[in-house]
Each structure stands twice: as structure tokens, then as C-alpha cells.
Amino acid sequence: MSAGKFLVGFAVGAAIGAITGILLAPKSGEETREMLSDTAKDIKDKTDAKVKDIQDKAEAVVSELQKKGDEIVGNIQSFINEKKEMFKPSEN
């Protein structure tokens, strides 16, 4: 499962659970609206933090892959240069 699908499912599930719990609680309309607003802000903040964390990890992985790719290209270039030197006609 992709991280994006997980986050969407998490956010939707959390929102549904929070709203259901708040609507079934014996509170006034104003209190309920305030709780809904606070809960929505909390869910948004948690989701934003999780997305940021996933983005940071993805950037680290991409950076590491880029370093490895550069290293591999350098190794291949060195190998090619060595082989060119081996087959280069000697100057006598």
C-alpha cells in the first residue's frame, strides 16, 4: 500500500471517528462546533506532519540513490578508461 493511500485512509478514518464521537456526545451546539473545529485542526496538523515526514524520508532516499548512481557512473568511467589504456597501441 502506498504511503499516500495510507494517509488518506488514516485521515478519513480519524475524521469519521472523531465526528461520530462528537455528534453522539451530550453537548450544546456551540460546544460541538468548537470540538469539531478543534478536531479538524488537530487531524490536519497530524496529517501535515506525517506528510512532511514522508517527504523528508523520500528526499533522503532520492539523495542516497543519486549518490550511488554517481558512484556507479564514476566506476564505469574508470573501468572504460582502464580498458582503453590496455588496448591503446604503444608508441615505440
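The values are calculated or read from the model by the stated rules, or taken from the named source; none is laboratory data. Source: prediction; values computed, not measured. Backbone-built Cβ (ideal geometry, glycine too); neighbour counts: all protein chains shown. Accessible surface is based on the protein model in full, side chains and every heavy atom, while ligands, DNA and RNA are left aside. Shrake-Rupley method; radii C 1.70, N 1.55, O 1.52, S 1.80 Å.
Odds and ends about this structure:
- So THR47, is it polar (S, T, N, Q) and in contact with a helix residue (DSSP H, G or I) (Cβ under 7 Å, 6 or more places away or on another chain): yes
- In the set LYS52, LYS83, only one residue is open to solvent by 90 Å² or more (accessible area, probe 1.4 Å) and among the basic types (Lys, Arg); that residue is LYS52.
- Residue in segment 20-45 that is nearest to GLN55 (Cα to Cα), counting only those that are part of a helix (DSSP H, G or I) and of a type in the set (Ser, Thr, Tyr): THR39
- Restricting segment 20-47 to residues that are free of Cβ contacts under 8 Å to residues at least 40 places away in the same chain and polar (S, T, N, Q), the residue that is surrounded by the most Cβ atoms within 10 Å (Cβ to Cβ): THR39
- Across segment 55-77, the qualifying residues are those that are within 15 Å of the chain's Cα centre (by Cα) and either open to solvent by 100 Å² or more (accessible area, probe 1.4 Å) or not charged (D, E, K, R) (or both), and the one among them that is nearest to GLY9 (Cα to Cα) is GLN55.
- Every residue from segment 1-19 that is open to solvent by less than 70 Å² (accessible area, probe 1.4 Å) and part of a helix (DSSP H, G or I): ALA3, GLY4, LEU7, GLY9, ALA11, GLY13, ALA14, ALA15, GLY17, ALA18
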